Amino acid sequence: MEEALPMEIDTNTPQQKITRDVLPFARSYQLEALENAIRENTIVYLETGSGKTLIAVMLLRSYAHLLRKPSPFVAVFLVPQVVLVSQQAQAVRMHTDLNVGMYWGDMGVDFWDATTWKQETETHEVLVMTPAILLNCLRHSFFKLNMIKVLIVDECHHARGKHPYACLMTEFYHHQLNSGISDLPRIFGMTASPIKSKVGNSESSWANNIRKLMTLMHSKYLFDKYFELKVYTCVSEAVLAEFIPTSTPKFKFYRDNGHEITLRSSDFTKTAAESAEKRITKIFSALMFCLDELGVWLALKAAESLSSNESESFSWGHSGDRVLRSFILDGVHTLKTYLPCASQWSIGDNIKSDVEMGLLTSKVCCLIDSLLEYRGLTDMRCIIFVQRVITAIVLQDLLNTLLPKYNSWKTKFIAGHNFGLQNQSRRKQNGIVEEFRMGLVNIIVATSILEEGLDVQSCNLVIRFDPSPTVCSFIQSRGRARMQNSDYILMVKSGDSVTCSRLEKYLASGDIMRKESLRHSSLPCDLFEGDEFDEETYRVASTEAFANLSSSIGLIHLYCSRLPSDGYFKPTPRWDKVTGTLYLPKNCPLQPIHVEGDKKILKNIACLEACKQLHKIGALTDNLVPDIVIEEAEVEEFGNEPYDENQPTYVPFGLVNSVSNNSHTTYHCYLMEFNQNFSYDICVQDIFLATRIELDPEIGCTQFDMGFDRGSLSVKLRYKGTINLFPDQVLLCKKFQVTILRILIENNMDKLATDIDKSYLEDNLEIDYLLLPAIDKGLNPVVDWLAINSVNPCSIRCKIHQPTIWTKSGLVCTCKLQGSLVCTSHANGKIYFYVTTGLMDLNGNSPMELRGGGVTTYKAYYEQHHGIELQFEHQQLIKARHKFQVKNYCHGRKQGKGREASKAFVELPPELCFIVMSPLRDSIIYSFSFIPSIMHRLEALLLAFNLKKMHLDHCSQNEIQTIRVLGDIVESLAGAILVDSGYNEEVVWESIRPLLEPLVTPETLKLHPIRELNELCQKRNYQVIRDTGSRKDGVTSYRMEVEADGVIHQFEYLGPALKDTAKKIVCKEILNSLKKEESHTGMV
């Protein structure tokens, strides 16, 4: 491997001689491109897979002697997508010995400060990142453009409009060049298509777009060849064909079968037409698209995806959600009516018939036929490109249902990070790509996210299910097929001459763009002209950080995201476009900002004005980032403070009372109406909250939503009057709620009180409210006493059936097992609770499929795995599900999807089951699983209401004056005692202590460190011999030295804190040093 020759470096001149450092296996055209890149700024326009990254790596090797630490310079490798960061970083690591750092948004880089970035640039020599990160670093002046020796721009065709690539060039490169600065980085762009936008039919339009890209990425000073930018490309594809395989394009035409979708006139579309909700319109549009383009079966899958447990597309629980939920469920039901009723029917059994029935469209049929032509491939790697996310989701379902009939191909989909239907994390997307490389996944259905950069050498088929919208998309997607003899299939509707002509032009675009690139490479560079130079900008002189109209909105959102928040309050700015007013959150010190000007950029102007004001008041630092520095001394002090777990508990008085032994007790009943804003196989059921006192109307009619993994649950309280209960009824109700809640929460039978009859009827203060299941009786819900009596299952006997089934609770009838809560005990001492739904047509001798494969009987399984021999093997097995999990739904956010055991049905032998509660419907148990969160929320509301009431009752208009008078009285009293005691401070403290102890004592009274140090120095005659501080580039330096009895106590702070905070930290450290010295010498 050839190494670069060592040379002396003069960092003050840009015209340094760079010697190329090549790799032995580099191809001829790569070496030619490298020569151009070393000599001048260059855009390399070569086909996907032709080794553009290797040229960039050799350029980095050639500049390595300027980058090696302790050099202050770095190289930056920009990629447009996060998924490419690790891929390109790995390529640099593989072929160089440079230290490479990787950066993307999920790492939290938006919240890094200048110190953190300084550490990164001092440690790493090549920084691989997305362009928005570099743009923010330069705008905040975390590091300067002249620190970058090489700037590699991958997929540089994105450099247009307001893309970060374009902003980097206009705001920094061209701005500094226009100011006469010549110490700028070498620019090296890479692309497989220099044209991204849709272009016209003439070659001049192609040339114009190429010229714009060249102009944006080069210098205005034409006389200085060092800054000229040229486009390097090969003369023809024949040069590349010698080294890299290219895919063979094939057109696949499908006919429009014209099947009339009668679903358009069904009831649920009328609901959408009558609704003004944007979310309903969005869903309706998606379903109609699927019906037209994909067919009824895939439209049904789309509807199920929108309403399934996995869906997070919509925030259920807001206004109109009942209509929205009804619309989706009606859509699912209506679509199901168009499917064949035969039990053995499956989609794809007869594709021709499916197309004739409208279940699949001819377009989908064309896709299936195209894939099946390759069924003989043993190592299939196929990418299917679609435009819509919903298409990717449902095609995955179809192919995983249909293809296993022909082969073992596995399909997965990948779509954008924030598409909102089935959100995929970056980790999951990278995992799918890795499975694709390894052959564990054979087909990926993807949106444009995979058009760029995915490097899978074994990919042998690419299908454009939807035509490419741009020539760049066409070329990029074609380049994913990397294997020799691979195919690139273009699906086009028969008779669509416009699309066919456009795709044929795309096929010829390579030669046209190559011709124009070669022609322009010999022409002088154009002057860059843009409005960006005239854009209003706010600059900080000390750091050179700036905010402009382009960055102001994002900066305001970043600032608001760092304000204090919780699960119920998310500080966000609000823009009133009618009045031109920007409203910042209440915990922001700024008043509403009203601006006037061009309406198109009025919001940007208001945000820029807000940035100016926030900086002036110190809310933004000199780097124009939120001032979120936490004082180190306070953090350290807080972190060492012990936590007392035995905190007092407050229960609002609305939920407590003195329980009496009267003949009857009156309760006020509030119906908790539940609105289930999600699809699930069990419906929630309303529950009565019965309290001894009537709640204030403000609480008694409250309503709120609780978000969780499936959607949200709306809760609304409605007063229903009073109910009189006898003592035995009160005891029965409390026994019911204690039993069901303790099982749901604690999962332990041992904690159920055996003397529950005595624990609630004593004449003392107890938490006294009842939670009673409700049942509808016409329009008026009433208490479900049958469910409440289920806590005593032995007392309820069936009048129809004879007991014939043996359980651990004895002989029972089948009714008791139709809906009940049972438990089974295991040898390890664990108890498992289940909700039963009935009996199955299985018994102990029925075959049982094992998870690891194989078949046994239930009797043999229990004997082999649990050592239990079934005595009643001919009894029917119980169909049951695990009890429902109780979670915290109070934080107002949707939870991550953990294991949901309640949907997993199990088969239980009755003789192993102990009946805890029966009869009890699963809907009641499911509804009570939400009760802990609901009651916590209600207690919080009651607490807030009670505090508000106390404040209104006890605080008058003269409250402040009263406090001042009280303070004067205490001060006068202390002064009198001080005089009478002969100015004895100890006597004063002993006398005043009982008054002040709840608030402050000498032991708890803490002075500000600066004041405490000044007073100590005055008292001890200590000398402050040095007290200096400075702040530069976001770093504060503060040093103080104190001479105490000939000993110098000193401390220096160096960090991101502001000067006031730094001085406080320094004073506190010196105080600690002085106190430690005094403790050794015995001074007090």
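The values are calculated or read from the model by the stated rules, or taken from the named source; none is laboratory data. What you see is a predicted model; the values in this text were computed from it and never measured. Cβ coordinates were reconstructed from backbone atoms using ideal geometry, including for glycine residues, and neighbour counts include every protein chain displayed. The area values use the complete protein model at the heavy-atom level, side chains included, leaving out ligands, DNA and RNA. Shrake-Rupley method; radii C 1.70, N 1.55, O 1.52, S 1.80 Å.
Observations, loosely collected:
- Candidates ALA64, ALA75: the one that is more than 32 Å from the chain's Cα centre (by Cα) and in contact (Cβ under 8 Å) with a residue 24 or more places away in the chain is ALA64.
- Qualifying strands (runs of 3 or more DSSP E) (wholly inside the range 664-747; at least 1 residues being more than 16 Å from LEU771 (Cβ to Cβ)): 665-677, 703-708, 711-725
- Residues that are part of a loop (DSSP other than H, G, I, E, B) and farther than 17 Å from LEU46 by Cβ were ranked within the range 473-491; the one that is least open to solvent (accessible area, probe 1.4 Å) is SER486.
- Filtered residue count, the range 565-604, keeping only those that are among the aromatic types (Phe, Trp, Tyr) and part of a loop (DSSP other than H, G, I, E, B): 2
- Long-range neighbours under 7 Å by Cβ, at least six apart or interchain, first residue closer than 30 Å to SER918 by Cβ and open to solvent by 30 Å² or more (accessible area, probe 1.4 Å) within the range 837-862, second of a type in the set (Gly, Ala, Ser) and part of a loop (DSSP other than H, G, I, E, B): THR837/GLY819; THR857/GLY844; THR857/SER846; LYS859/GLY844
- Given (1) modelled with pLDDT of 80 or more; (2) under 22 Å from SER468 (Cα atoms); (3) under 29 Å from the mean Cα position of the chain (by Cα), number of the condition LEU398 does not satisfy: (2)
- Within the range 92-106, the set of residues being closer than 20 Å to ARG427 by Cα and more than 26 Å from the chain's Cα centre (by Cα) is empty.
- For the range 282-295, a residue qualifies if it is open to solvent by 10 Å² or more (accessible area, probe 1.4 Å) and of a type outside the set (D, E, K, R), and the qualifying residues are PHE284, SER285, ALA286, MET288, PHE289.
- Selection count, the range 815-826, where residues are in contact with a Gly (Cβ under 8 Å, 6 or more places away or on another chain) and among the hydroxyl-bearing types (Ser, Thr, Tyr): 0
- Selection of the range 426-472 for residues being in contact with a Ser or Thr (Cβ under 9 Å, 6 or more places away or on another chain), open to solvent by 50 Å² or more (accessible area, probe 1.4 Å) and modelled with pLDDT under 80 yields ASN430, ASP455.
- Listed by first and then second residue, the pairs with beta-carbon distance under 8 Å, at least 6 apart or on different chains, first residue in the range 327-341 and open to solvent by 70 Å² or more (accessible area, probe 1.4 Å), second assigned to a loop (DSSP other than H, G, I, E, B), are TYR338/MET357; TYR338/GLY358; TYR338/LEU359.
- Test set (1) exposed (fewer than 14 other Cβ atoms within 10 Å of the Cβ); (2) within 28 Å of ILE924 (Cα to Cα); (3) touching a Pro at 6+ places or on another chain (Cβ under 6 Å) - GLY810 fails condition number: (3)
- Of all residues making up the range 819-840, the number that are assigned to a loop (DSSP other than H, G, I, E, B) and at positive phi: 1
- Hits in the range 904-943 (condition: in a helix (DSSP H, G or I), open to solvent by less than 10 Å² (accessible area, probe 1.4 Å) and under 25 Å from LEU870 (Cβ atoms)): PRO910
- Scanning the range 101-143 for residues that are among the charged types (D, E, K, R) and either in a helix (DSSP H, G or I) or without any contact (Cβ under 8 Å) to a residue 12 or more places away in the chain (or both) yields ASP106, ASP110, LYS118, GLU120, GLU122, ARG139.
- Condition met for CYS683 (assigned by the TED database to the domain that holds ASP768 and at pLDDT 90 or above): no
- Hey, CYS382 surrounded by 21 or more Cβ atoms within 10 Å (Cβ to Cβ) and modelled with pLDDT of 85 or more or not: yes
- Screening the range 1052-1084 for residues that are at pLDDT 80 or above and open to solvent by 70 Å² or more (accessible area, probe 1.4 Å) and picking the one that is farthest from the chain's Cα centre (by Cα) gives GLU1077.
- Filter result for GLU1003 (modelled with pLDDT of 70 or more and either open to solvent by less than 60 Å² (accessible area, probe 1.4 Å) or out of contact with any His (no Cβ under 8 Å at 6 or more places or on another chain) (or both)): no
- Of the set (1) at pLDDT 80 or above; (2) not assigned by the TED database to the domain that holds ASN1072, all apply to LEU978 but (1).
- Selection within the range 346-367 - outside any helix (DSSP H, G or I) and open to solvent by 40 Å² or more (accessible area, probe 1.4 Å): ASP349, ASN350, MET357
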